[in-house]
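Contents: one structure, followed by commentary.
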Amino acid sequence: MRDFPPELIEKVIDCCNEPESHIPAAEIAACGLVCRKWAPRSRVHLFSYVRLTGNPKLSELLNLLADRPTILSFIR
């Protein structure tokens, strides 16, 4: 992946998140598993809007943040 400019990788991930692409969040999450360079841009889209529905979801989010505190910087 080092042969691709970061701007190109970001554009590809951004295109996956456009409403007309109809790509599910699970697929965008999978982009973050391709390699370390893909993870931050994927997380920008996954965590730019967080909606919690009940205490179980809050617990899941808190556990995720405890395991991966860097994700907190993507949540607005």
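The values are calculated or read from the model by the stated rules, or taken from the named source; none is laboratory data. Source: prediction; values computed, not measured. Cβ: placed from backbone, ideal geometry, glycine included. Neighbour counts: every protein chain shown. For accessibility, only protein heavy atoms count, side chains too; no ligands or nucleic acids. Shrake-Rupley method; radii C 1.70, N 1.55, O 1.52, S 1.80 Å.
Key figures for this structure:
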item	result
Of residues in the stretch 1-19 being charged (D, E, K, R) and assigned to a loop (DSSP other than H, G, I, E, B), the one least open to solvent (accessible area, probe 1.4 Å)	18
Close pairs from the stretch 51-75: first in contact (Cβ under 8 Å) with a residue 12 or more places away in the chain, partner open to solvent by less than 90 Å² (accessible area, probe 1.4 Å) and not in a helix (DSSP H, G or I), Cβ under 7 Å, at least 6 apart	71/47; 74/47; 74/48; 75/47; 75/50
Among (1) open to solvent by less than 90 Å² (accessible area, probe 1.4 Å); (2) of a type outside the set (Lys, Arg); (3) at pLDDT below 85 - the single one residue 22 does not satisfy	(1)
Check on residue 44, part of a helix (DSSP H, G or I), touching a helix residue (DSSP H, G or I) at 6+ places or on another chain (Cβ under 9 Å), of a type in the set (A, V, I, L, M) and open to solvent by 60 Å² or more (accessible area, probe 1.4 Å)	no
Filter result (closer than 14 Å to residue 71 by Cβ and part of a loop (DSSP other than H, G, I, E, B)) within the stretch 20-32	32
Matching option when the condition is modelled with pLDDT under 90 and over 17 Å from residue 76 (Cβ atoms), among 47, 4	4
Residues of the stretch 47-74 that turn out to be among the hydrophobic types (A, V, I, L, M, F, W, C) and open to solvent by 60 Å² or more (accessible area, probe 1.4 Å), as a count	5
